[in-house]
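One structure below.
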Amino acid sequence: MDKIILTGDRPTGKLHIGHYVGSLRRRVELQNSGEYKKTYIMIADAQALTDNIENPEKVRENIIEVALDYLSCGLDPAKATLFIQSQIPELCELTFYYMDLVTVARLQRNPTVKSEIQMRNFEASIPVGFFTYPISQASDITAFKATTVPVGEDQLPMIEQTREIVHKFNTVYAPVLVEPAALIPENEACQRLPGTDGKAKMSKSLGNCIYLSDSADEVHTKIMSMYTDPLHLQVSDPGHLEGNTVFTYLDAFCRPEHFERYLPEYPSLDELKAHYQRGGLGDVKVKKFLEKIMQETLEPIRARRKELEKDIPAVYEILKKGSETARETAAQTLSEVKSAMRINYFEDQELIQRQSEKYNSGN
Ligand code: TRP
């Protein structure tokens, strides 16, 4: 079976380094690996609207931000189809049919939906569209017969729900759909990169994000003020690693060659950690090392973004072309789905013939 990638992001803000280590970096590698027949990357504007009914402008403005972030990280329109969810009406149609295959109780048990409902204080006033977005996400994935969905760990319940829908559809109707597998980072630090303040999640409202589009100065300031170990007051004090954001970021970003380049007196991250725990290693030294790595990682992304920003219409054109291509694939799947569901009347000559004979057999 052909291996196909689909994944995407809600356009509610610029993308940050949590998105980068959680999924973006991996997508670029997969795109370039040559192992996948197709790579689809979707800007999930319709899903973003499910909890942003009052903010259509926010969603609209952030489409270009996300597209610029994608392209500057190395997603390549020659190798990957970049498209906008709302421009593929077939996705809505699929969602409507999949709704018959899912119970309200099952949606209520979806852990991601559960925690998001809590986070947004929706309680009793959950918009139906928001409540059912896992079904719409199943449409996004299955419309492209995706086998592989590179996402952050918080999206696992969505993929699980999709697999259930696929299984049900294929059992009830015909084996048309493909069960996808999630691909999450093996590195724990990458799965859920904390904010610069040490809080569990990077979020725009907490002001604790490092954005891919931040300037070198902004990155410098943010790293120097990062949360470390509140008990590590003097350089000679033993330091703690748990919850120490600077070390978590090193876990996510540091590679062996960074030591050769920027901190040759240490052979490895393990040695650096051991020294910190023993005492005698200051936060500033570790932060400076982290900054070198971050700047090295982000600089090419920033530079590419600057170039892309010079021709914004070209970026919209990439999304438009991508949306046209994506739509063709989704339409093909929808047609197979409708045949399987026995609602393809006008394409079914045998049906028309049979009905005709039923009424005219006496002639
Ligand atoms: N739910 C994803 C997020 O919040 C975005 C998304 C929508 C998605 N449809 C998808 C991700 C399909 C993977 C596959 O970031």
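What the table below lists for this structure:
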quantity	calculated
Hits in region 1-48 (condition: among the charged types (D, E, K, R) and within 11 Å of the ligand (Cβ to nearest atom))	D9, R10, R27, D45
Selection count, region 113-134, where residues are of a type in the set (A, V, I, L, M, F, W, C), within 30 Å of E336 (Cα to Cα) and more than 11 Å from the ligand (Cβ to nearest atom)	3
Hits in region 144-174 (condition: more than 15 Å from the chain's Cα centre (by Cα), within 10 Å of the ligand (Cβ to nearest atom) and not hydroxyl-bearing (S, T, Y))	F144
Test set (1) within 30 Å of D2 (Cα to Cα); (2) away from the ligand (no atom under 12 Å from the Cβ) - D140 fails condition number	(2)
Wholly enclosed helices (runs of 4 or more DSSP H) of region 197-268 bearing at least 2 residues surrounded by 19 or more Cβ atoms within 10 Å (Cβ to Cβ)	216-224, 245-253
Enumeration of residues in region 280-295 that are surrounded by 14 or more Cβ atoms within 10 Å (Cβ to Cβ) and either over 28 Å from L212 (Cβ atoms) or not charged (D, E, K, R) (or both)	L281, G282, V286, F289, L290, I293, M294, Q295
Condition broken by L71, with the remaining ones in (1) within 13 Å of the ligand (Cβ to nearest atom); (2) out of contact with any Gly (no Cβ under 9 Å at 6 or more places or on another chain); (3) modelled with pLDDT of 95 or more; (4) among the aliphatic types (A, V, I, L, M) satisfied	(1)
Hits in region 184-231 - residues which are at positive phi and either among the β-branched types (V, I, T) or in contact (Cβ under 8 Å) with a residue 12 or more places away in the chain (or both)	G198
Flag if D100 is acidic (D, E), surrounded by 23 or more Cβ atoms within 10 Å (Cβ to Cβ) and assigned to a helix (DSSP H, G or I)	no
Among residues of region 71-97, those that are out of contact with any strand residue (DSSP E or B) (no Cβ under 6 Å at 6 or more places or on another chain) and assigned to a helix (DSSP H, G or I), counted	13
Residue pairs meeting the criteria (Cβ under 9 Å; at least 6 apart or on separate chains; first assigned by TED's automatic domain parsing to the domain that holds E160, in region 110-123; second modelled with pLDDT under 80 and not in a helix (DSSP H, G or I))	E116/F122; I117/E123
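Yes/no per residue for (1) among the polar types (S, T, N, Q); (2) at pLDDT 95 or above:
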site: N121; (1), (2): yes, no
site: A124; (1), (2): no, no
site: G129; (1), (2): no, no
site: F144; (1), (2): no, yes
site: Q155; (1), (2): yes, no
site: V166; (1), (2): no, yes
site: A189; (1), (2): no, no
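The values are calculated or read from the model by the stated rules, or taken from the named source; none is laboratory data. As the structure is a computational prediction, the values presented were derived from the model and not from experiment. Here the Cβ is made from the backbone with ideal geometry for all residues, glycine too, and neighbour counts use every protein chain on show.
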